[in-house]
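See below for the structure under consideration.
The values are calculated or read from the model by the stated rules, or taken from the named source; none is laboratory data. The shown structure was predicted, so the numbers you read here are calculated from the model rather than taken from an experiment. As a convention, Cβ positions derive from the backbone with ideal geometry for all residues, glycine included, and neighbour counts pool all protein chains shown.
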Amino acid sequence: MSQPLKKSINFFALIMIAAGSSIGSGIFISPSDVAGQLSSGAQIIVVWLIGGIVTMTGALSFGELAARHPGTGGVYIYLKEAYGDMVAFLYGWCNLTVITSGAIAALCLAFARYFSIIFHFGSGFNIPIALSALLIVTVINMLGAKLSAIFSSTLTVMKVLGIGIIVIICFSYGSHLLTNLHKVDEGTVKISFGIALVGVLWSYGGWHHASYVGGEVNNAQKVLPKALLFGAIIITLAYISVNAAYLSVMTTREIASSTAVASDALSRVTMIGGLLVAVLIGFSTFGTAGIYTLSAPRIYFKMGEDRTFFPWLSDLHPKFGTPMKAVLLQSSWAAVLMVFWGTFEKLTTYVVFMDWIFMTMAAIGLFIFRRREPETSGTKYKVPFFPIVPMIFIGISTWFLISTIFGRPYQAVAGLILMGIGLPVYFYFKKQNAVLS
């Protein structure tokens, strides 16, 4: 049995992990893809509000899951307790092979691109800069969860302040919000809320990473549900306000046709808009990469502890008390994906579909737990307005998944193939575990 992780993450840091996991580079890029599926500013605000509702209802629902099972691994534990080892393993497998490792690779590469813009490096330096960024966040996360939490909290605060600056500047100089909310742009061929929701939920995704570190939080049954909710509130307010800010200086069609909407919006009101956005995206991508390097290895740590994967992943560093081997495994694979990014870039986008399948399954697991343990007196938090709140999350998430299947079928197929590859790996380790037992 491995040693338990140190209780070194406080309430504020947990909120910052929840918020910072979502606020990466997506909010500065994805509004263009979302606007391309819609015809008015009002529709843009509505679809981002729907994303906020999904996030809020998800955070409320996962709060009860966290209160019932507050240990290390978060969603991995919820899936294991509800459906068994195989489903939980496949969740961890998808995270390690592409979802989280691929996201870290993408974030470090995005950081490198904007770092190069700020300091005038050529594109040939992108891979070395990205690898250096990965090395820095890896070392920070190996030196202790407390240091990692301070790093993540600092950069998340800077990200939120940066978004606030964008909002204040755009609203100070732009006066077209009300007009663009009501104006229906001519030439709109097709309106697709379902496909627009794909980009929205990709941007909102990530808040559940706070659940992975539940084993390192004092009184997690009480603290974790609150942190998830406060994180969701911060994300929702940030995303809706920044989209309203874009609409105060740009029309729906202008947002849709922009390849760098935040930069274009600021450039209309200040000459240094491009530089401000480059710095902000640099902070955002670097900070989110740091959070993912902190959070996801706790899943692999738990998989090693459960002996459904390499047992040595549950080893802790004797001095720092961190799952160093799990961190190194994820970062090493992220480095491989980074170097061969041209091969894996599309795949990492596609398998985000799988993340939402597991998230929806975890929320359904709440109904399983309620039926299995209806009078759990030890649960300090229960989702309000049950079953309405989790049903809203499950319903909209299912709508999103169906929209992805029909609107972007390659994403669904790639995710299912990846999960299929994980099955023989699971049975191999299950057989090995049986032999060693």
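Give the range 217-227 a look and list any residue that's crowded, with 24+ Cβ neighbours inside 10 Å and either within 22 Å of residue 323 (Cβ to Cβ) or without any contact (Cβ under 8 Å) to a residue 40 or more places away in the chain (or both), or say none.
Within the range 217-227, 217, 220, 224, 227 qualify.
To keep it simple, each residue is scored yes or no on (1) out of contact with any Gly (no Cβ under 9 Å at 6 or more places or on another chain); (2) at pLDDT 90 or above.
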| residue | (1), (2) |
| --- | --- |
| 110 | no, no |
| 121 | yes, no |
| 138 | yes, yes |
| 141 | no, yes |
| 155 | no, yes |
| 160 | no, yes |
| 165 | yes, no |
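I'd like the residue in the range 68-97 that is touching an Asp or Glu at 6+ places or on another chain (Cβ under 9 Å) and polar (S, T, N, Q) and, out of all such residues, is surrounded by the fewest Cβ atoms within 10 Å (Cβ to Cβ).
72
Run down 375, 345 and say which single residue is out of contact with any Ser or Thr (no Cβ under 8 Å at 6 or more places or on another chain), at pLDDT below 90 and either outside any loop (DSSP other than H, G, I, E, B) or among the aliphatic types (A, V, I, L, M) (or both).
Unique residue meeting the criteria: 345.
Among 277, 336, 269, 327, which is of a type in the set (A, V, I, L, M, F, W, C), within 24 Å of residue 172 (Cα to Cα) and in a helix (DSSP H, G or I)?
Exactly one of 277, 336, 269, 327 is of a type in the set (A, V, I, L, M, F, W, C), within 24 Å of residue 172 (Cα to Cα) and in a helix (DSSP H, G or I), namely 277.
Within the range 214-221, does at least one residue satisfy the condition of being in a helix (DSSP H, G or I) and under 30 Å from residue 120 (Cβ atoms)?
no
Out of everything in the range 387-413 that is modelled with pLDDT under 80 and surrounded by 19 or more Cβ atoms within 10 Å (Cβ to Cβ), what residue ends up being nearest to residue 200 (Cα to Cα)?
Once the filter is applied, the top-ranked residue is 404.
Among the residues of the range 159-180, write down those that are surrounded by fewer than 16 Cβ atoms within 10 Å (Cβ to Cβ) and of a type in the set (A, V, I, L, M, F, W, C).
Listed by number, the residues that qualify are 161, 165, 168, 178.
One line per residue, one yes/no per condition, for (1) surrounded by fewer than 18 Cβ atoms within 10 Å (Cβ to Cβ); (2) at pLDDT 85 or above:
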site	(1), (2)
253	yes, yes
256	no, yes
262	no, no
267	yes, no
270	yes, no
273	no, no
280	no, yes
284	no, yes
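Which of the residues that make up the range 63-72 are touching a Ser or Thr at 6+ places or on another chain (Cβ under 8 Å) and within 28 Å of residue 138 (Cα to Cα)?
Result: 66, single match.
Select from the range 213-243 the residues that are closer than 13 Å to residue 22 by Cα and of a type in the set (Val, Ile, Thr) and list them in ascending order.
Matches in the range 213-243: 233, 234, 235, 236.
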